[in-house]
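Here is the structure we will look at.
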């Protein structure tokens, strides 16, 4: 793995953590406040996406109507 690949992967991981409310504290350390409203909003949004994904999967795997 070269440096550009490492940077790409770590940036993607960082975006994922930030998406649910983690914030850079310093020197690559991220913190999450368990009382953060942003955390609750993002958890709700991710749950909604999971429900949509499950419904989509069920539609794609269900038997065709008779």
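In the chain, one over the average inverse separation of all distinct C-alpha pairs is 14.7 Å, which is the Kirkwood hydrodynamic radius.
If you line up the long axis of helix 3-19 against the longest principal axis of the chain, both from Cα atoms, how many degrees apart are they, to the nearest 10? Helix 3-19 and the main axis of the chain meet at about 70 degrees.
No lab work stands behind these numbers, since they all come straight from the coordinates. Bear in mind that the values here come from a model prediction, so they are computed numbers and not experimental data.
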